[in-house]
Amino acid sequence: MARHRSVRKMDYDEEMFGDDDDEYDQHYEDEYTASPSDTSYLYQRTRLTSTNQTVANAPRLFEFIPDDKPAAVENTFNFDDDSPIDEVEVPPPPGFAPISKPPTRPSSSASTARDPVKAAGFSISRIETPEPRVVENLRGGPSTKRSDSKSPARALMRENWEAPKGLTPNASSHRLNQLASILAAPSTPRRERKRAEGKELINLVVVGHVDAGKSTMMGHLLCKLDCVDQRVMHKYRQESERLGKGSFAFAWVLDETEEERARGVTMDIARTSFETEHRRIVLLDAPGHKDFIPNMITGASQADAALLVVNANIGEFESGFDKGGQTREHSMLIRSLGVSQLIVAINQMDKVNWSADRYKEVESQIRVFLERQAGFSKITVVPCSGLAGENLTERVKPGSLLHKWYDGPCLLELIDRLKAPARASDGPLRAIINDIFKATTSQLSVSVKIESGDVEANDEVYIMPTANTAFVKAVSMEGSSAASGAFTGSQALMTLNGQFEPDTIHPGHVLTSRGKDALMPGRTFKARIVVFDIAVPIMKGTKAELYCHSLCEPVTFKKLVSEINKTNGEVLKDRPRCLAKNRSGVVILETEHEVAVEPYTICKQLGRITIRCNNQTIAAGIIEAKVDIGDI
């Protein structure tokens, strides 16, 4: 306690007002003479001295009230020593009946002396709300609320606009003003343009356990379709043989980075395109290693159909299919992300000598799992060899070992039979940013997947959740020479002009239109989920990672609303203590930052979610609605 000041015998008058002989009584303003230019930036205040008897010149509270609140009207009453406070006539607030005055007390010098307000002779200021005046509502119709702000967006926000549900309670007025301006703007007119008649577009994702041969199979298929230059392929063969990895030559068609080629595994989504007789395919080669599941989810969220590659080798199939293997987890993930069309390619059949028994064994196990547990209804299975190129683009020739027991279609024929899903071509613009190639303060080059609406050059768009305004300088669909615009379901490359903070734009942000069609970001959501086979049940306060389209964001289970029957949605228990494995329920989720998502009924791709914790997928579901934090 020795280093603290002793206040037991302190003279507060001396400490507050100083002593004439005290050298610390001097103030820096007494010794510093400010120039006129500096004086305008100084904070002017009245210094307290021992002779001060009034605070009438001191700043009053209403001087610090922001403009977005009603201005206060000062009504000052001066009290002298002979007038008790109780006798002052105070007008009643507007809209209230006058209250009867209490009986007055006789004035006495003792009561005056005990009253520090009257004894000091201070001037008391009273703040009163003025009569409301009628202003013109921006959306039409009169309103009785004040609107002193010069911003029409703020006036709109006060009159008829409520803050978007799920936003942070202490969101800044500038942030709300930005969102209100976007909502107040006229809606972007819907165009009647449609995709030109031609081949249907299919986004196909390739998934499966690590070392199942996914990249080798698809690289060989692209070579057979003459999508790869022969000189480039010859170069890949020479370089791979020089490194002692001759069998990786076809995989290098898709694995383009040095790290992927050195490690021999796919790490990120590889994107290319090719055409069949009736379809135009955008190929998404997803990584199979469990460390890169987030990248796999990003690719699967863009897909219309999936190709699941399974290794036929004895022991290899079992390691991927058993609990913890990526064959099982990838199947559950792509189904939860809305993929319903699935092709199963049983690869590396040449290493089991094209055994029909091994094929039937693998096919029976994988089909039962996919239909009964994963929920797929449209499944086709095909045997093939990615390295040898058998049954990829042409049917097996008579006399081969495979032809003895299989005479079905090849892999390319099954891909050509895939059907494009129904697309929201007449909806508002929703374009998800999947990758950012170049980011400066004035320009962005991004890769997007258009889930709803269409976009063309010179369009004005907004980036959510940052609410940045951007103008489309150029846009082109991947795999197409047309540069006039992009449509629903297509992968597009876009160049955006505007004023940006490059560090604030990330994959998972969404381009949206203005007006009532704009997407409003939020943090709190009500979701319906299905819990996977997990060891530790989900409880209130559980922290995890939320995956939605290309978004990855920390999330917390704020509330377990109910446990439901996964078959018919019937509520089995309200406010359960936990959700165990293989159960379904309704929960409230809160993300760490604002995110651009929407209810499933508005946009399916922006409403499907996957939840992971400790490198394990624990649940998946859909967003039902955005909620306010105060409603939890």
Is it the case that some residue within the range 398-421 is within 25 Å of Pro294 (Cβ to Cβ) and open to solvent by 60 Å² or more (accessible area, probe 1.4 Å)?
no
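Need at least 3 residues that are without any contact (Cβ under 8 Å) to a residue 24 or more places away in the chain and touching a strand residue (DSSP E or B) at 6+ places or on another chain (Cβ under 6 Å) per element, so show me which strands (runs of 3 or more DSSP E) inside the range 565-630 make the cut, counting only ones lying wholly within it. Outline the logic, then answer.
Values: elements: 571-574, 584-595, 608-613, 616-626.
Answer list for the range 565-630: 571-574.
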With the first residue restricted to the range 360-385 and required to be acidic (Asp, Glu), and the second required to be buried (at least 19 other Cβ atoms within 10 Å of the Cβ), Cβ contacts under 8 Å at 6 or more apart or on different chains are Glu363/Val344; Glu363/Ile346; Glu363/Val381
Which of the residues belonging to the range 230-244 are under 18 Å from Ala262 (Cα atoms) and either basic (Lys, Arg) or open to solvent by 100 Å² or more (accessible area, probe 1.4 Å) (or both)?
Lys235, Arg237, Glu241, Arg242, Leu243
Considering every residue within the range 544-558, establish whether at least one is farther than 29 Å from Ile281 by Cβ, open to solvent by 30 Å² or more (accessible area, probe 1.4 Å) and more than 19 Å from the chain's Cα centre (by Cα).
no
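Taking the options Met218, Met233, Met267, name whichever one is at pLDDT 90 or above and farther than 23 Å from Leu392 by Cβ.
Numbers: Met218 fails: farther than 23 Å from Leu392 by Cβ; Met233 fails: farther than 23 Å from Leu392 by Cβ.
The match here is Met267.
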Can you give me the ranges of the helices (runs of 4 or more DSSP H) entirely in the range 300-399 with at least 3 residues that are over 22 Å from Tyr547 (Cβ atoms) and aliphatic (A, V, I, L, M)?
356-369
Which numbered condition Ser490 fails, given (1) within 16 Å of Thr272 (Cα to Cα); (2) open to solvent by 40 Å² or more (accessible area, probe 1.4 Å); (3) not charged (D, E, K, R)
(2)
May I ask you to list pairs of residues, at least six apart or on different chains, whose Cβ atoms are under 8 Å apart, with the first in the range 397-409 being of a type in the set (A, V, I, L, M) and the second being in a helix (DSSP H, G or I) and open to solvent by less than 80 Å² (accessible area, probe 1.4 Å)?
Leu402/Met349
Tell me, yes or no, whether the range 477-499 has at least one residue that is modelled with pLDDT under 85 and part of a strand (DSSP E or B).
yes
Among the residues that make up the range 463-472, is at least one of them of a type in the set (S, T, N, Q), open to solvent by 60 Å² or more (accessible area, probe 1.4 Å) and part of a loop (DSSP other than H, G, I, E, B)?
no
State which residue is least open to solvent (accessible area, probe 1.4 Å) when the search covers only the range 493-532 and only residues that are touching a Ser or Thr at 6+ places or on another chain (Cβ under 7 Å) and of a type in the set (Phe, Trp, Tyr).
Phe500
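For Ala625, state whether it is surrounded by 22 or more Cβ atoms within 10 Å (Cβ to Cβ), of a type outside the set (Phe, Trp, Tyr) and either over 11 Å from Ala544 (Cβ atoms) or at pLDDT below 95 (or both). It would help to see each step written out before you state the result.
Values: surrounded by 22 or more Cβ atoms within 10 Å (Cβ to Cβ): no; of a type outside the set (Phe, Trp, Tyr): yes; either over 11 Å from Ala544 (Cβ atoms) or at pLDDT below 95 (or both): yes.
Here the answer is no, as Ala625 does not meet what is asked.
Can you say whether Gly325 is in contact (Cβ under 8 Å) with a residue 60 or more places away in the chain, touching a His at 6+ places or on another chain (Cβ under 6 Å) and small (Gly, Ala, Ser), as far as the supplied structure shows?
Working: in contact (Cβ under 8 Å) with a residue 60 or more places away in the chain: yes; touching a His at 6+ places or on another chain (Cβ under 6 Å): yes; small (Gly, Ala, Ser): yes.
Yes.
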Of all residues in the range 428-458 being farther than 26 Å from Ile202 by Cβ and crowded, with 17+ Cβ neighbours inside 10 Å, which is modelled with the highest pLDDT?
Leu444
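The values are calculated or read from the model by the stated rules, or taken from the named source; none is laboratory data. Keep in mind it's a predicted model, so treat the numbers as computed, not measured. Backbone-built Cβ (ideal geometry, glycine too); neighbour counts: all protein chains shown. Areas reflect the complete protein model, heavy atoms only, side chains present, ligands, DNA and RNA absent. Shrake-Rupley method; radii C 1.70, N 1.55, O 1.52, S 1.80 Å.
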